[in-house]
Amino acid sequence: MRSDDIHTAQRSGDLDRPVTKSMCYGARGKCPSCGKGRLFYRYLKIAEQCDSCGEELHHHRADDAPPYFTIFIVGHVIIPLALAVERIWRPDMMLHMLVWIPLALALTLLLLPVVKGSVVGLQWSLRMHGFEYAASRRFKQNSTGSSNIEPV
Ligand SMILES: [Zn+2]
């Protein structure tokens, strides 16, 4: 995006992509742009585009970040709880395994889409990867009024 394009985009509000709002929409499984369309078409599969506003969502490169952050969060929840229970009640090791393993699995499966949606929302907000190209392409279409798609 050229600097005069950026200034024009700032005036038109095209650069307005609040990080927190986009990440919250993504965490709820909604499109980071409009907050209405679905972000996922299956459990962890990101939709090609928003079914409400048409925003291209396939540009994300979440890769290993969601599992990494999910493991980080689950570990910081489960391990202190397990240590506290061990210190207070000293239950049998089998009881530990029966409680903490299913709890860790359930928490992981619940958090993975939330974290992945947040990461995709962050990438969309910061125009990372292909989101930059999609935004500049849409901006050019809006500013020229043409429907031609030109790479920037
Ligand atoms: Zn949308």
Once the mean 1/r over all distinct Cα pairs of segment 81-130 is inverted, what Kirkwood radius in angstroms do you read off?
13.4
Just going by the charge dipole of segment 53-152, with Lys and Arg at +1 and Asp and Glu at -1 on Cβ, which of 81, 66, 126 is farthest out on the positive end?
126
How many angstrom lie between the C-alpha centres of segment 68-144 and segment 12-64?
17
Using the per-residue mean of other Cβ atoms lying within 10 Å as a proxy for protection, in what order, highest first, do the peptides 53-65, 121-133 fall?
121-133, 53-65
Histogram of C-alpha separations across segment 28-152, 10 Å bin width, %:
12, 32, 23, 15, 10, 4, 2, 0
Before anything else, pin down the relative contact order of segment 18-126: Cα pairs under 8 Å, at least 6 apart, normalised by residue count, whole percent.
44
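Rule-based calculations on the coordinates, nothing more; no lab input. Bear in mind that the values here come from a model prediction, so they are computed numbers and not experimental data. Heads up, the Cβs are rebuilt from the backbone with ideal geometry, glycines too, and the neighbour counts pull from every protein chain shown.
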